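What follows is one structure encoded as structure tokens, with my remarks underneath.
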Amino acid sequence: MPIEGNAWLAAAILLVMAGTSAPALDRSVSQLAVSIAPDWNSSEGKMQLFERSGQSWKSVSPPWRVMYGKNGLAWGRGVLGTNEPGLQKRERDKRAPAGVFAIGRIYTYDEALPSGAKFPFHTITEADAWIDDSAHPQYNQHVVVDPKNPPPWFAKQRMRLNDPPHRWLVEIRHNADPPVPDAGSAIFFHIQRGPNRTSAGCTVMPKSSLLNLIRWLSADANPHYVVMPRDAYLKHWKAWGLPSPKAVGDLL
């Protein structure tokens, strides 16, 4: 008999694969932004916010649509998912990194975050760069230079100013601890350029959705980002301590 309606969720739980040796998510993490794509080549999916409630995760937002890299997803280097077998994220592959990642600082053109937001941030100026050159010793790092005497590489690596989709860049700490050359750089949440415009590897969304995310983030809750295709999520959720398939049913 074929599985109908949402009954397949219960079946998926019973069929979870147990072949991973990765530890569970640290108990200090009490906020998760979870995004699930249909498959590895999907350039869009859904995101939903969760908070830890006792031993389980509780949804605190409705799901919303997000866009990934033009070519979909590939395993990245983060808290969980590093060295998983399969397609690996590479510089300029137009894929968003999959796995579990800490959420870092917010980078903005503004002197303050939007009303109601309280999270570590840095105001971008003409002195800021983010290095995407794999040969550079500070690859995938934020660097501040002397704008009156910039190094030769600065013109190609400087962060954009007055570009509305980049008004707020929420760092997704992929390939950050430490960076590995050519494994991908400059991965953020930010505003999408159009309703169906994908990214080069970031997770992008409408301005209203990004503002909701920014206002929700709490440094005390050690927020992390979970992003992967549906099959990978169903394989790893239990061992990694992520919200259950029932909890994320609206994303599946």
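The values are calculated or read from the model by the stated rules, or taken from the named source; none is laboratory data. Being a predicted model, the structure only gives us computed values, none of them experimental. No Cβ is skipped: glycine too gets one built from the backbone with ideal geometry, and neighbour counts run over all protein chains shown.
Residues that are out of contact with any Gly (no Cβ under 6 Å at 6 or more places or on another chain), surrounded by fewer than 18 Cβ atoms within 10 Å (Cβ to Cβ) and over 27 Å from GLN31 (Cβ atoms): does the range 103-126 have at least one? Yes, the range 103-126 has at least one match. Among the candidates ASN222, ASN196, the residue that is among the polar types (S, T, N, Q) and more than 15 Å from the chain's Cα centre (by Cα) is uniquely ASN196.
Filtering the range 191-208 to residues that are assigned to a strand (DSSP E or B) and either out of contact with any helix residue (DSSP H, G or I) (no Cβ under 6 Å at 6 or more places or on another chain) or modelled with pLDDT under 95 (or both) leaves SER199, THR203, VAL204, MET205. Within the range 58-69, residues that are over 16 Å from CYS202 (Cα atoms) and assigned to a loop (DSSP other than H, G, I, E, B) sit with their Cβ atoms under 6 Å from residues that are at pLDDT 95 or above and of a type outside the set (Ser, Thr, Tyr), at 6+ positions apart or across chains, in these pairs: VAL60/LEU49; VAL60/GLU51; SER61/GLN48; SER61/LEU49; PRO63/LYS46; PRO63/GLN48; PRO63/ASP250; PRO63/LEU251. Counting only residues that are over 30 Å from ALA200 (Cβ atoms) and crowded, with 16+ Cβ neighbours inside 10 Å, the range 26-55 holds 3 of them.
Return the total of residues in the range 114-130 being part of a loop (DSSP other than H, G, I, E, B) and more than 18 Å from ASP163 (Cβ to Cβ).
5
Please enumerate the residues belonging to the range 222-252 that are out of contact with any helix residue (DSSP H, G or I) (no Cβ under 6 Å at 6 or more places or on another chain) and in a helix (DSSP H, G or I). Scanning the range 222-252 gives ARG230, ASP231, ALA232, TYR233, LYS235, HIS236, TRP237, LYS238, ALA239, TRP240, ASP250, LEU251.
Could you check, for the range 209-221, whether at least one of its residues is in a helix (DSSP H, G or I) and either among the acidic types (Asp, Glu) or at positive phi (or both)? Yes; the residues of the range 209-221 include at least one that is in a helix (DSSP H, G or I) and either among the acidic types (Asp, Glu) or at positive phi (or both).
Scanning the range 173-188 turns up at least one residue that is buried (at least 18 other Cβ atoms within 10 Å of the Cβ), closer than 13 Å to GLY104 by Cα and of a type in the set (D, E, K, R). Output the residue which, of all residues in the range 147-172 that are among the basic types (Lys, Arg) and closer than 17 Å to THR108 by Cα, is modelled with the lowest pLDDT. Once the filter is applied, the top-ranked residue is ARG160. Exactly one residue out of SER208, SER244 is without any contact (Cβ under 8 Å) to a residue 24 or more places away in the chain and of a type in the set (Ser, Thr, Tyr): that is SER208.
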